[in-house]
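**Q** Pasting a structure below so you can have a look.
Computed from the coordinates by the stated procedures, all read-outs in this text should not be read as laboratory data. Keep in mind that this is a model prediction, so the values were computed, not measured. Heads up, the Cβs are rebuilt from the backbone with ideal geometry, glycines too, and the neighbour counts pull from every protein chain shown.
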Amino acid sequence: MWMEIDRHQAFTKIYPAKLFSSGAPAGEKRRCSRILIGSSDASMGISAPHSSLVIRDIDSFADIERLPQLEKEVWELADADVTPLTLLIAMRAAGSVVVGAFDGSRLVGFALAFPSLEHGTTGFHSHMLAVRRDYREHGLGFRLKLAQRERALSLGIKEMTWTFDPLRSTNAHLNFEKLGVVSNSYRPDFYGPHTSSALHSNGTDRLWVRWQMAESRVEERFNGKSSRSEILDTLKHLEPLVRFNGDGRPAAGNMDVALSKQRVAIEIPGDIGPIEKQDRHLAREWRLATRHAFTESLRAGFEVKEFCRWIRGQQGPGAYLLERAASENAWAALSVSEKDFPRVPRQSSSMLHVRERQLCHREGPTPFR
């Protein structure tokens, strides 16, 4: 249940009236979280080459001025696709949560979430999460998400949404296994067929995820409760809608049989990055196969609940676990654009291979967007 709050007050509560300052207002302590690398990090399997980092609000012009350059660097974008500085300033002034990770005076990562109103519910939509390449794989993205959660909950906001590429297993692992998100919405080519970023050369399909930040499911993830063994056991008894075949290609399962069950699985490569660089036809085949599987299963009333990586050994494929939603009206909650998305004919693996060759000419460690 959502708390009734005043929208204007809620989204301006964190920030002082003066947008840009050299520091915190007199008598007010700057909101920040220090990341200490110690025993607690070791127990989480996290290491870092730096003794400490600080996560704090982006609250000065000097700070916010650095965001476009870091965005350009992380996504390898052309100038035309970088968020304009003036827009970032306006978003920040209008109540967006913008937190940065600093190593000394150097900005090494940031997360940006703007106020949202979805299906009449007030929340935040986290549009960007970026970490410099040499600071990845050390839990920094996870800590930036925790900082966003802390600020949102302090305003009485309990839900946050964002999107990510469902073919990227590292992001799926963070989102589902560590943060506890769920999803009942798949957005084909959400940002268009491609952008100037190499990360968007294989289309921009996205899962729209929902993070219910105050639920016990989320708290359990933070407390280290893992259901990996149970998920692996469940996956062993499911015939996937898409299976990672021995030759590295996607193999389509029996759609009618799979969708008659209470749970279904969709497998993806352990790392789609090298495939996109070395064999764009195969990468496109994976995109089309998983797009078909997600859209059909979500249309049938399933919800993406879990992701388990390396299901058949280290560096092996990962798998999503979908469960039939409690409400038979789950599809009714999705956006009109999704319901209007044309129903994809059920195809065999060979048909998908032919189809991806027809579409390849349209193509023009990973951050979220």
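**Q** By counting other Cβ atoms within 10 Å of each Cβ, how are Ser260, Ser185 ranked from fewest to most? Please report the intermediate quantities before stating the final value.
**A** Values: Ser260 10, Ser185 21.
The most exposed by this proxy come first: Ser260, Ser185.
**Q** Could you work out the relative contact order of the range 149-232? I mean the mean sequence separation of Cα pairs under 8 Å and 6+ apart, divided by the number of residues, in percent.
**A** Dividing the mean separation by the residue count of the range 149-232 yields 36 percent.
**Q** Same structure again: Can you classify the range 169-271 as rounded, prolate or oblate using the Cα gyration tensor, where a ≥ b ≥ c are the square roots of its eigenvalues, rounded means a/c under 1.5, and otherwise it's prolate if a/b beats b/c and oblate if not?
**A** oblate
**Q** Another question about this same structure. Could you give the length gained on full extension between Glu220 and Asp79, defined as 0.36 nm per residue of separation minus the Cα-Cα distance, in nm?
**A** Numbers: separation 141, 0.36 × 141 = 50.76 nm, distance 4.13 nm.
Result for the pair: 46.6 nm of gain on full extension.
**Q** Now, a different point. Return the subset of Lys145/Lys236; Lys236/Lys305; Lys72/Lys225 for which the Cα-Cα distance in this structure is over 28 Å, preserving the input order.
**A** Lys145/Lys236; Lys72/Lys225
**Q** What number comes out for the charge environment of Thr234, summing +1 per Lys or Arg and -1 per Asp or Glu over other residues with Cβ under 13 Å away?
**A** With Lys, Arg at +1 and Asp, Glu at -1, the neighbours total 0.
**Q** Ok, one more. Quick one: order Ser216, Ser96 by neighbouring beta-carbon count within 10 Å, fewest to most.
**A** Ser216, Ser96
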